[in-house]
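Here the structure is laid out as structure tokens; the discussion comes afterwards.
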Amino acid sequence: MADDKNKVSASQVANEKNQQERDKLYNKYVKQVTPKHSWFANMCKAFVSGGIICAIGQGFINLYSSYGAEKELAGAYTTMSLVLLAIIFTGFNWYQKIAKFAGAGSVVPITGFANSVAAPAIEFKKEGQVFGIGCKIFTIAGPVILYGIFSSWLLGVVYYIFTLFQK
Amino acid sequence: MTQTSAKQSKMVGKQSLQFSNPPAIIGCASIAGKKEGEGPLGAFFNVVEEDPMFGQKTWEEAESKMLGMAVDVAIHNAGLKKSDIRYLVGGDLLGQLIATSFGIENFEIPLLGVYGACSTMGESIVVASMIIDGGFADKTLAITSSHFAGAEKQFRFPLAYGSQRPKAATWTVTGSGAVILGQEPEKDSEFAKQFSPVMIKVKGVTIGKIVDFGLKDSLNMGACMAPAACETIAQNLKDFKIQPDYYDRIITGDLGVVGKDILIDLLKQKGYDISSNHMDCGIEIFDSEAQDTHAGGSGCGCSAITLTGYILQKLRKQDWNRVLFVPTGALLSTVSYNEGQSVPGIAHAVMLESC
């Protein structure tokens, strides 16, 4: 360990008298000794499982289109179907098992959003309809909604300014 | 011996106490959840409850029920009535210690609530032992509990939320452990029948201080608590002027695999090698591969039921005669975490000896 300059050993941590420096060294040291999920394997799993979820979505689009729905309507039905499926999976405690494998692959699609709303609703139901479900349903999804709307607004402003210069 | 010197003689070194009249363990109970029951120590627990709700409506009620069961089983095990217990010293992980206060409501035993996060079993034994040795009570009960679902809900995410747990994360143990301390076991009690003629006594304790090495990752609690365990163990050895091999086992609460390595590494820097006799309850309680618990078990219940189920049996059989029991706690809250504070650790050491 000692021959590598970037590595921190326990003796360096123990011998450091300055508390801030010691804390910094300890953080580095812990980072070294803590096992991590493989970044690459996780990415592959997320790619595949996210892809499968999207393929299921495409299947819904094709299905609804075959019943004669137009592209936009079929898309809306597909969103609803995926959300419904994700909530049912959450209720049966299956979604968390998929997420354990899929990682970002199950978080990024709309199904992940549905899960993040349904899970607190189930958990906090016991604290009542108002202070339980009502107050806590968006504990996880809240930031996504807030900053989603805020960034749309910001982009809207940018777009508006942009159009002023086009005339 | 004058009054003053008698008092002083209990103080050892900087942070330790050696009891002049060491309290004996005269009853114990371990209540475990299903997953803990399926683990390597499953056969050692008094009760393994299959229902995670313990027949109640909420996780919090379930934990209270479990803690109440532990009090009940321990009192029965000691061959006592609830009115025989002079004081109850206990605590848990839930905000304002609601598992404890609701759980013991019906027992009508005077309560001292303590909070040491996952080190609570150590803290409650320390206080309960001091009360006995000081002559302030003849029988005290030390207890703690934790519940996986209640802890997840309070500290992390709702159960059904899909997320990946890091490899250093630990799994909160569903369990409640209780010990009753006194002078000697009641004759004909279950405990006496099982343990006689062996007596297990609390010889001394070392009370830990808060140790914070500035780590902010609440999902790597082993690393947050390892420096605290290191300080307390080193202080115990220093105060009593002994070496690690004095103990057959030095048993930490819930450092897990990451924290264990760090602890051994840090203690070596202080000149103590505990690699041959160190054990961690969090590592023992689950089969991390088969039960998918990552770094190990954690929570107040982890060290508590490992002590009352497994460690006491080892002491009874005299496989081990001297054990240093060091539950470890991470003193964070969701508020301190969100406000960017680090995770301070604490550890209390209890010297258990069989004779």
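The values are calculated or read from the model by the stated rules, or taken from the named source; none is laboratory data. Please read these numbers as outputs of a predicted model, since none were measured by experiment. Cβ coordinates were reconstructed from backbone atoms using ideal geometry, including for glycine residues, and neighbour counts include every protein chain displayed.
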Residue within region B:247-255 that is touching a Ser or Thr at 6+ places or on another chain (Cβ under 7 Å), in contact (Cβ under 8 Å) with a residue 24 or more places away in the chain and among the acidic types (Asp, Glu) present: yes
Lone qualifier among A:Ala69, A:Ala10 - being modelled with pLDDT under 95, within 10 Å of chain B (Cβ to nearest Cβ) and over 22 Å from A:Ile137 (Cα atoms): A:Ala10
Test: residue in region A:103-112 that is more than 9 Å from every other protein chain (Cβ to nearest Cβ) and surrounded by fewer than 17 Cβ atoms within 10 Å (Cβ to Cβ): yes
Qualifying residues in region B:231-258 (those that are part of a loop (DSSP other than H, G, I, E, B), of a type in the set (D, E, K, R) and under 19 Å from the mean Cα position of the chain (by Cα)) - the one surrounded by the most Cβ atoms within 10 Å (Cβ to Cβ): B:Asp254
So A:Ile133, is it surrounded by 17 or more Cβ atoms within 10 Å (Cβ to Cβ) and within 19 Å of A:Phe60 (Cβ to Cβ): no
Residue in region B:213-230 that is away from every other protein chain (no Cβ under 11 Å) and either of a type in the set (Phe, Trp, Tyr) or in a strand (DSSP E or B) (or both) present: no
Selected residue (criterion: surrounded by the fewest Cβ atoms within 10 Å (Cβ to Cβ)) from residues of region B:10-44 that are of a type outside the set (Gly, Ala, Ser) and in a strand (DSSP E or B): B:Met11
Hits in region B:259-294 - residues which are more than 19 Å from the chain's Cα centre (by Cα) and part of a loop (DSSP other than H, G, I, E, B): B:Lys270, B:Gly271, B:Tyr272, B:Asp273, B:Ile274, B:Ser275, B:Ser276, B:Asp287, B:Asp292, B:Thr293, B:His294
Qualifying positions in region B:35-59 - under 23 Å from the mean Cα position of the chain (by Cα), free of Cβ contacts under 8 Å to residues at least 24 places away in the same chain and within 14 Å of chain A (Cβ to nearest Cβ): B:Met53
Candidate set from region B:143-160 (those that are within 30 Å of B:Ile26 (Cα to Cα) and in contact with an Asp or Glu (Cβ under 7 Å, 6 or more places away or on another chain)); member that is farthest from the other protein chains (Cβ to nearest Cβ): B:Thr144
Of all residues making up region A:119-128, the number that are in a helix (DSSP H, G or I) and more than 7 Å from chain B (Cβ to nearest Cβ): 4
Residue tally, condition surrounded by 14 or more Cβ atoms within 10 Å (Cβ to Cβ) and at the interface with another protein chain (Cβ under 10 Å from one of its Cβ atoms), over region A:13-53: 16
